[in-house]
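Below is one structure; the comments refer to it alone.
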């Protein structure tokens, strides 16, 4: 485990670099100098899968390849002394962002949103928010834990919620359900600071991160609102590590094994079939 001061420095630098990422407008990012992108699904603290994905990304040898992670906290790996170890993935992301500041990106999911807004997530009758806080305390001790924890939340707050590839492929954690699409406002994602209305149930941010509607009509309407052709998302688990519930969407899932990801060319338009051919597993 890095020293608390070293970790704080890396996290603060990652926040600064996230804000300065080329192509960023509020919480929307248009990838720059990008010929391909590796998109990972929900990781939920799975360090082993992250390490395998990092090897697959091979950023050192591919200078125009980008690497996109999503939903990295609240996992099943716990410290013997107590607490969720998924904060380790936040640490690893921060270090990687510092090394490749223009090409490594985090899309927060509903779990990061719940953590930064203080809305409790319960799984198997266990408070996941509290487990995450306990893990930070176990790792960094009482003197530094609160500073590091608050900096984690700052990182979640500034991270992009929608990423556009040059070929009109959109990367989001999820999409609003059909009943929320009429109220969904794409322009609010381009704001630097959100209002409570955005983060509450029914708001544009909350709907974007919590929705599970994969009906073809909903996905098509959402893509029209977002001005994109295809969607790569997460949020839904698949035993195979990926799924294609309609002809405009690919869902990738890295929570367990196999872990599904997509290595997608971004220098040309793609059909849905060509997008599915980009799927790999680790």
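Conditions tested, residue by residue: (1) farther than 21 Å from residue 258 by Cβ; (2) modelled with pLDDT under 95; (3) out of contact with any strand residue (DSSP E or B) (no Cβ under 8 Å at 6 or more places or on another chain).
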| residue | (1), (2), (3) |
| --- | --- |
| 10 | yes, no, yes |
| 38 | no, no, no |
| 69 | no, no, no |
| 105 | yes, no, no |
Given (1) more than 29 Å from residue 53 (Cα to Cα); (2) assigned to a helix (DSSP H, G or I); (3) touching a residue at least 24 places away in the same chain (Cβ under 8 Å), identify the lone condition not met by residue 197. (3)
Can you tell me which residue in region 218-258 is surrounded by the fewest Cβ atoms within 10 Å (Cβ to Cβ), limited to those that are touching a residue at least 60 places away in the same chain (Cβ under 8 Å) and over 15 Å from the mean Cα position of the chain (by Cα)? 257
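Suppose the filter is more than 23 Å from residue 166 (Cβ to Cβ), part of a helix (DSSP H, G or I) and at pLDDT 95 or above; does residue 5 pass it?
Numbers: more than 23 Å from residue 166 (Cβ to Cβ): yes; part of a helix (DSSP H, G or I): yes; at pLDDT 95 or above: no.
Criteria not met by residue 5.
Inside region 40-52, can you point out the residues that are part of a helix (DSSP H, G or I) and either surrounded by 15 or more Cβ atoms within 10 Å (Cβ to Cβ) or modelled with pLDDT under 95 (or both)?
Answer for region 40-52, where residues must be part of a helix (DSSP H, G or I) and either surrounded by 15 or more Cβ atoms within 10 Å (Cβ to Cβ) or modelled with pLDDT under 95 (or both): 47, 49, 50, 52.
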Mind checking which residues of region 207-217 are over 16 Å from residue 163 (Cβ atoms) and either in contact with a strand residue (DSSP E or B) (Cβ under 9 Å, 6 or more places away or on another chain) or surrounded by 15 or more Cβ atoms within 10 Å (Cβ to Cβ) (or both)? 207, 210, 211, 213, 214, 216
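Quick grid of which residues meet (1) surrounded by 21 or more Cβ atoms within 10 Å (Cβ to Cβ); (2) touching a strand residue (DSSP E or B) at 6+ places or on another chain (Cβ under 6 Å); (3) part of a helix (DSSP H, G or I); (4) modelled with pLDDT of 95 or more:
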site	(1), (2), (3), (4)
131	yes, yes, yes, yes
135	yes, yes, yes, yes
140	yes, no, yes, yes
146	no, no, yes, yes
160	yes, yes, no, yes
171	yes, yes, no, yes
174	yes, yes, no, yes
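Give region 94-129 a look and list any residue that's in a helix (DSSP H, G or I) and within 22 Å of residue 199 (Cβ to Cβ), or say none.
Pass one, region 94-129, residues in a helix (DSSP H, G or I): 94-99, 110-117, 128-129.
Within region 94-129, 110, 111, 112, 113, 114, 115, 116, 117, 128, 129 meet the criteria.
Could you please give the count of residues in region 259-278 that are without any contact (Cβ under 8 Å) to a residue 40 or more places away in the chain and within 18 Å of residue 174 (Cα to Cα)? So that I can check it myself, show each step before the final result.
Pass one, region 259-278, residues without any contact (Cβ under 8 Å) to a residue 40 or more places away in the chain: 271, 273-274, 276-278.
Now drop any that are not within 18 Å of residue 174 (Cα to Cα), which leaves 276.
Selection size over region 259-278: 1.
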Taking residue 84 and the conditions (1) closer than 24 Å to residue 193 by Cβ; (2) buried (at least 21 other Cβ atoms within 10 Å of the Cβ); (3) touching a strand residue (DSSP E or B) at 6+ places or on another chain (Cβ under 9 Å), which numbered condition does it fall short on, given that it satisfies the others? (1)
Do you know which of the residues in region 53-88 that are part of a helix (DSSP H, G or I) and under 17 Å from the mean Cα position of the chain (by Cα) is farthest from residue 99 (Cα to Cα)? 87
Would you confirm whether any residue within region 18-36 is at pLDDT 95 or above, surrounded by fewer than 17 Cβ atoms within 10 Å (Cβ to Cβ), assigned to a helix (DSSP H, G or I) and in contact with a helix residue (DSSP H, G or I) (Cβ under 9 Å, 6 or more places away or on another chain)? yes
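The values are calculated or read from the model by the stated rules, or taken from the named source; none is laboratory data. Source: prediction; values computed, not measured. Note that we place each Cβ from the backbone using ideal geometry, even for glycine, and neighbour counts take in every protein chain shown.
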